[in-house]
Amino acid sequence: MEWEKQLHQLADRLNYIKDIFPGKHAEDISELENGLAAARERFPDCAAAEVQAGLAALEDLFFRTECRLEDKLTPMDKVRIVRHPQRVCLRDILENVYDNYTEIGGQGEHTNDPAMVIARAYITRKRNGDVYHQPVLVIGHEKGHGEEFRNGGSAKPWGNAKAKHYMGVAETEGIPIHAYVFTPGGYPLEDYPGAAQQIAKNIYEMAGLTVPLIAVFSEGGSGGAEAISLADRRLMLSHGYYSVISPEGAAAIEGRLRGGARASADLVERCARDLHLTAEDNLKFGYVDKIIQEPVLGARPYHYEFFRTVRQEVLRATDEVVLKARGLAPLRAAMLRRLRDRELNLDEFFVSWKLSRAARQRLVEMRQNKFIKASYGEVRNTRSVMGRLGDAWSEQWWEIYNRLIYDLYQRNRRTFGNVVEEVRSEWEMFKIRVLKPWNKLRGKTEEVAVTSEEELTTLSDWDENSRSGWNWVSKKAREDRAVSCPYSAQRGCMDMWAPDLYDEFAGVCSTCGHHFPMEYQWVMNNCFDEGSLYEFNTEVEAGNPLNFPDFDAKIADAKQKTGLKSGCITFEARIDGVQCVVAILVGSFRGGSVGVAEGSKFVAAADRARRKRYPFIVYCHGTAGIRIQEGTHGVIQMPRCTVAVRRYIEAGGLYLVLYDTKSYGGPVASFLGCAFYQFAIRSSDIGFAGPGVIKNTTGIDIAPDHHNCYKALSRGHIQGVWDRRDVRVNLRQALETMGGRNLYYR
Amino acid sequence: MRDIAEVLEALKAEPYTEKEVCAPHSGVITFTDIAEGAKVHGFTGMWKEIPGTHIATITREKNPRKVLANERGVMQKVYRELDGTFVESGTPLGVIRHYLTRQEVVSRLLKESLYAFCAPERAKYYFTPDIDTKVKMLGCRTVTIHDGMELFIVSRMKREVPLCYSGPTGIIYDVYFDQQKNVDAGAPLIVVCPPDQQSAVEDVVARVQSEWVEGE
Amino acid sequence: MNRKHKVLIANRGEIAVRIMQACKKLGLEFVSVYTAEDVSSGHVALARELGGEKSLYRISSYHDANELLCIADEAGATAVHPGYGFFAEDFRFARRVTERERSLVFIGPSWRVIRDLGDKINTKRLARSIGVPTVPGSDRPIYDELEAEKVARTLFEYQLQQGIARPLVLVKASAGGGGMGIEEVYDIDTFRQVYRRIRNYAMRQFKDEGVLIEQRVTDFNHLEVQVLSDRSGRNPVHFGTRNCSIQSTGRQKRLEVAPGFDPSSIEYGFDAAAVLDEITQHSLNMARKVGYDSVGTWEWIVTRDGHPFLMEVNTRIQVENGVSAAISRVKGQEVDLIAEQIRTGLGDALGYTQDDITFHGVGVEYRIIAEDPDSGFAPWVGDIDRFQWEERDWCRLHTHVPSASPEKPYTIPTEFDPNLALGIIWGRDLAEVSANGLDFLEHLVLEGHNGKGEPLKSNVEFLKKKTERMLRF
């Protein structure tokens, strides 16, 4: 019977409410329960009209309650909405937002990664009776309403690789991309292409993609989300979340829980709030451009009106991006203004999405600027106004200087060189002629050739400088104690004396070659020319942009312990006379995590290297990932820094990454992992997620050496493994043999 | 060769081994609060990555090092009187009673009942490289050997000489030496199972599987 | 000298025995160590016999410095004697011993001297800087191909000028050692090829392309100068020369004679006395130059036509120290170089000058080793049943092998070289010492068997055969 079906639907809504608010709002829920139970009891005996009235009243009760609850939604409730199997998923959007679509490379579970869906779709628009089919490429995570094989929308490395491949296809075909982010995070697998390295490649690709890219966030889980979301416009569903880590993960870290222990619901709730992961928060920060309003308590597949809204918004976003890229001719400006009209039905409005070459260029530039500027307002820089003015001036000067030297001079070098050569030989002739009488007078004779015997048996001249020890020696070398190699049981290493190990041996086990972790100062002071270090941007300080509870004290503590202001040191230095810009991620400053300050310093360093045409070397002494206490301010550093790297590389530089100790998470999955030349110091670990996280998310036990640099080398993630004692020699070699066209010393 | 049943009975009468835990080197010893009778385990986990039970800490040149149990069993004795004192390398710190597993029992029985090829002199022994890879990759039971075959490398005083196998043709059923350690003259290196004895051996294995009860 | 010192003997076998005896003679306490393998060695028995409280400890390995220093602290040792082998020329060990919080006296040269003279290039340059002759060739790593070729070319020409019929040039990786990355070149045409091979090898192996190019000297005698100096490093004296040319196939010394040449009974193609004088003076000059402050040996090669070249410096007491002591008298008294090393090492001044040292007769040292000279000097392993020799006043035998009998045999440990004893024979001249030596070897009883029941093999016959070749080219 009809009313039974309706009651059933209401019961479903009630269950949904119960799922979203576990253990909360008991009164409201019991009121609904009672209403339902009463109706069930009463309706079989009632007349049709009475049932109708009863149903309407019940419906009304439900609606009122839902509206009331909507107002009380906490961030964690929203997280639960997003994760609920009834939440709209990509398939619903493909069905309802687009007029037609074909899924590419997948039918259900028959695909390399069911969590990543690619589709070609079109939207039909009309103008004055003409019909236009506008094709788009849709990329997105598919949660499949809880289908097991979809992995909750957690894309595997090859899923992201597939996404990157089709982005390339869209670029070739010149059609815009709509990306739908429905992922709790990337699936932490190291197998080729590797979770971190593939996400990094995706971000790098998007940073220079020449077609419009619109991203829609529902569930934006950190690295997994960034893999498809470096977009010209970022829209966000009102009940979605975009965060650096799941609230549970944050709670586990905050509560210092180990080995799969669960955090209390209360702590999780608090963390969800402190992470500022809602749509409103992210809009405020500027990391999303617009919010798409959802129905009360979140969009579900039967909210057809919602899909219309989505369609209007993605159309508007694409149109705007296209029009802006074309430049602001008066006509287009007028069109843009019209687009802002909320009442306009975009289905009956037409903007061609074709872009000229120049427009494509502008599109990329605009996108890059957008991300470079992101989180700019959050930087704490105590540099004085005069200092900043000076910096700006010197930047300009370098720009002009390099233009002159490299563009003007290099291009005309041959002619220039010939002139110099001629002048020089003339000068030599002149010198000989002038000095002739003088030499005769002095009776200077030709030097007598030394006899062969003398040559072979007497002391020769030799400037012996390579034998002296290290410039910088760790404090650990001052302790009079023995140190055991962790592999002594397997490899029979004998204990070493700390002063030997940490000074002369450079922290390398003399038996098995295991590299003990060393301070970042070791590479900083021993691998560059002595006295050539010039640090810049020293005034940028790590802060607490989200006012995360208790975090001010922790940051202050880290600053005090390390004597640094942030976890990133940027400086200029020379290696055998070759100038370069270096950034160090310091593993001992809050685990080497990257936040706004670190990201900003990194971007500035890349920029400086680009301006000065110096090689850009990043020494990752260790990083645990993005600083979770900075929430999306931290996450945004992934695309931001990668954009800076791409700009630098495309300007013809050499970007080289050297990993040491342990490097995990966001930085590896973006601006470090995207480097063409990545090397690791022996015994370092490189990966996307640490062993604990892998165990928790995938249930797979991993071998103790799973993340070892040699494994990373075998998997194809890095390009080589270096001995610590050879870092300087290898860097020198790298400067000579690698890198782009615009390095000044070439 | 002794009768299997007899050996098995003897083993049943004493179904465990007792091994001393010794100081790996000199130093000052501090025991953990491990009690006599406590259960201990050796390295476990898929990659032997979980360390054994922590029994004591020995400190030498300000470097503390854990002394771990290397077998599953029961702490029979703990020489607690040594706590806090200096000990020489090799000083016994306690005794672990290890109850034999089925596999170990089979291995012991076979040592008694099959042809054992013994070490002619005290030295370190290795398999020749090709045999070694085969043993490591596929297990020793895939290797068939025959009289006069070059099977071992004997290493002593930094010199290595080859050693030929002599005895019946058959497969290597079990290996009893550790490449890192010296083997005394006369100690068995391997046992060899000729094809005609294989069914008898399988009987032994089946019998142990059914009869032997593994202790704690 | 402060007699409160206690010496840790960081060694085993014969040298441990000798150091113990020297300590006893000097009235010093000592502490000795042994490993499980060495339980029945003579040095353990002697330590029990001579030592006082806390004078014998079992350790896990002689190679583990931590073990030794831990024992030193526990036993209250104040000095370390490294003997020969193990840590004797390890400058890091010497540095650690002297620079740790509870520092000890390292009875040997100071660590900087060990380090500087342990580096062959450095030694060669030091020698050249004061005019000590070294093997013709480069004294620094060569990185440039053209320069390398030039050096090789001049080397070939030089050798031809010297009248060498078949000149040879040695190319070796400067960072290498132990015979790796060394090749001989016969003529200049093949040089470039060999040079590139070695350079690439060095680059791969040592991350350093440097190559040394030297004359390959053939047909030479191996001589040594025994030097001793106190901690002041200013007044080194020498205890004569030794000739160590009789070696096993593996270039291991088997028989040493002092002095290095004997022009009174053998005719040489050059002025042997002058050469001996030249090398001792050069050695002392160099010792003064580096401030050498312990016992040490300057190793030379002397070609058939009497050209000496300095090869290297051994910054330790050597196995064959006894043979030099046998021919030397200090103010007419017998001398024990190990005791002298300990005495000066602990801070005593030398107390005599070169003029107080006189030399008498000829000495020979036989290294008696359980090995098979017929099959490449392969070490022999097994039990010793009987080991006896006749006591003579011209013979002194040092051994760590305890008295053995067929009932109570001594098992040779497999971990170490099977050196059994050093027999030091003295004679008024070469003829007498040869006769004495043969007499000694003839009466030596050395019996044993191995696991297979085969009789013991030793190098006694080899030594007998070589006795007549002493001091000759």
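The values are calculated or read from the model by the stated rules, or taken from the named source; none is laboratory data. All values reported here derive from a predicted model rather than from experimental measurement. Backbone-built Cβ (ideal geometry, glycine too); neighbour counts: all protein chains shown. Ligands, DNA and RNA are excluded from the accessible area calculation, which covers all protein heavy atoms including side chains. Shrake-Rupley method; radii C 1.70, N 1.55, O 1.52, S 1.80 Å.
Just a few scattered comments:
- Any hit, segment B:53-64, residues being away from chain A (no Cβ under 13 Å) and without any contact (Cβ under 8 Å) to a residue 12 or more places away in the chain: no
- Verdict on C:Ile9 being under 25 Å from B:Ile58 (Cα atoms) and within 10 Å of chain B (Cβ to nearest Cβ): no
- Of all residues in segment B:37-62, exactly one satisfies the criterion of being out of contact with any Ser or Thr (no Cβ under 9 Å at 6 or more places or on another chain) and open to solvent by less than 30 Å² (accessible area, probe 1.4 Å), namely B:Glu61.
- Of all residues in segment C:117-145 being among the charged types (D, E, K, R), surrounded by fewer than 19 Cβ atoms within 10 Å (Cβ to Cβ) and within 11 Å of chain A (Cβ to nearest Cβ), the one that is nearest to C:Glu278 (Cα to Cα): C:Arg128
- Positions within segment C:56-67 being within 19 Å of B:Pro92 (Cβ to Cβ) and open to solvent by less than 10 Å² (accessible area, probe 1.4 Å), in sequence order: C:Ile59, C:Glu67
- Selection of strands (runs of 3 or more DSSP E) fully inside segment C:383-472 by the criterion of at least 1 residues being in contact with a Phe, Trp or Tyr (Cβ under 9 Å, 6 or more places away or on another chain) and within 14 Å of another protein chain (Cβ to nearest Cβ) returns C:383-388, C:419-427, C:445-449.
- For segment C:51-108, taking the residues that are in contact with a strand residue (DSSP E or B) (Cβ under 6 Å, 6 or more places away or on another chain) and hydroxyl-bearing (Ser, Thr, Tyr), the one that is nearest to the other protein chains (Cβ to nearest Cβ) is identified as C:Tyr57.
- Filter pass, A:Met386 being at pLDDT 80 or above and under 36 Å from the mean Cα position of the chain (by Cα): yes
- Selection over segment C:16-55 of residues that are in contact with a Leu (Cβ under 6 Å, 6 or more places away or on another chain) and either in the same structural domain as C:Arg343 (by TED's automatic domain parsing) or open to solvent by less than 50 Å² (accessible area, probe 1.4 Å) (or both) gives a count of 5.
- Check on C:Arg254, buried (at least 24 other Cβ atoms within 10 Å of the Cβ), under 30 Å from C:Asp374 (Cβ atoms) and within 19 Å of the chain's Cα centre (by Cα): no
- For segment C:184-205, a residue qualifies if it is open to solvent by 60 Å² or more (accessible area, probe 1.4 Å), part of a helix (DSSP H, G or I) and farther than 13 Å from C:Glu149 by Cα, and the qualifying residues are C:Arg197, C:Asn200, C:Met203, C:Arg204, C:Gln205.
- Checklist (1) among the charged types (D, E, K, R); (2) assigned to a strand (DSSP E or B); (3) open to solvent by less than 30 Å² (accessible area, probe 1.4 Å) applied to C:Asp293, failing item: (2)
- When A:Asp463, A:Asp503 are checked against the criterion of being outside any loop (DSSP other than H, G, I, E, B), more than 14 Å from chain B (Cβ to nearest Cβ), modelled with pLDDT under 95 and within 22 Å of C:Asp119 (Cβ to Cβ), A:Asp503 stands alone in meeting it.
- Taking first residues from segment C:433-447 that are polar (S, T, N, Q) and partners that are crowded, with 20+ Cβ neighbours inside 10 Å, the Cβ contacts under 6 Å between residues at least 6 apart in sequence or on separate chains come to C:Ser434/C:Thr467; C:Asn436/C:Ile425.
- Criterion violated by B:Ala69 - all others in (1) closer than 26 Å to B:Val208 by Cβ; (2) surrounded by fewer than 14 Cβ atoms within 10 Å (Cβ to Cβ); (3) within 14 Å of chain A (Cβ to nearest Cβ) satisfied: (2)
Okay, residues lined up against (1) assigned by TED's automatic domain parsing to the domain that holds A:Tyr648; (2) assigned to a helix (DSSP H, G or I); (3) closer than 22 Å to A:Ser566 by Cβ:
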residue	(1), (2), (3)
A:Ala358	no, yes, no
A:Gln361	no, yes, no
A:Asn369	no, yes, no
A:Arg383	no, no, yes
A:Arg388	no, yes, yes
A:Asp391	no, yes, yes
A:Glu395	no, yes, yes
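- Which listed residue, of B:Lys134, B:Lys48, is free of Cβ contacts under 8 Å to residues at least 12 places away in the same chain, of a type in the set (Lys, Arg) and under 29 Å from B:Ala200 (Cβ atoms): B:Lys134
- Top-ranked residue of segment B:86-115 - restricted to ones that are in a loop (DSSP other than H, G, I, E, B) and crowded, with 22+ Cβ neighbours inside 10 Å, ranked as farthest from the other protein chains (Cβ to nearest Cβ): B:Leu114
- Considering only residues in segment A:359-376 that are free of Cβ contacts under 8 Å to residues at least 24 places away in the same chain and open to solvent by 60 Å² or more (accessible area, probe 1.4 Å), the one that is farthest from A:Thr632 (Cα to Cα) turns out to be A:Glu365.
- The set of residues from segment B:22-36 being more than 12 Å from B:Gly73 (Cα to Cα) and either within 14 Å of chain C (Cβ to nearest Cβ) or surrounded by 12 or more Cβ atoms within 10 Å (Cβ to Cβ) (or both) comprises B:Cys22, B:Ala23, B:Pro24, B:His25, B:Ser26, B:Gly27, B:Val28, B:Ile29, B:Thr30, B:Phe31, B:Thr32, B:Ile34.
- First in segment A:713-737 and in contact (Cβ under 8 Å) with a residue 24 or more places away in the chain and within 14 Å of chain C (Cβ to nearest Cβ), second anywhere and surrounded by fewer than 17 Cβ atoms within 10 Å (Cβ to Cβ) and outside any helix (DSSP H, G or I), Cβ under 7 Å, 6 or more apart: A:Arg732/A:Asp576
- Entirely in segment A:38-156, the strands (runs of 3 or more DSSP E) that have 1 or more residues that are under 29 Å from A:Glu219 (Cα atoms), open to solvent by 20 Å² or more (accessible area, probe 1.4 Å) and without any contact (Cβ under 8 Å) to a residue 40 or more places away in the chain: A:100-104, A:116-127
- Residues that are of a type in the set (Gly, Ala, Ser), surrounded by 24 or more Cβ atoms within 10 Å (Cβ to Cβ) and over 25 Å from the mean Cα position of the chain (by Cα), drawn from segment C:68-89: C:Ala72, C:Ala77
- Scanning segment C:393-407 turns up no residue that is among the basic types (Lys, Arg) and surrounded by fewer than 15 Cβ atoms within 10 Å (Cβ to Cβ).
- Subset of segment A:648-665 [within 13 Å of A:Ala605 (Cβ to Cβ) and modelled with pLDDT under 95]: A:Gly653
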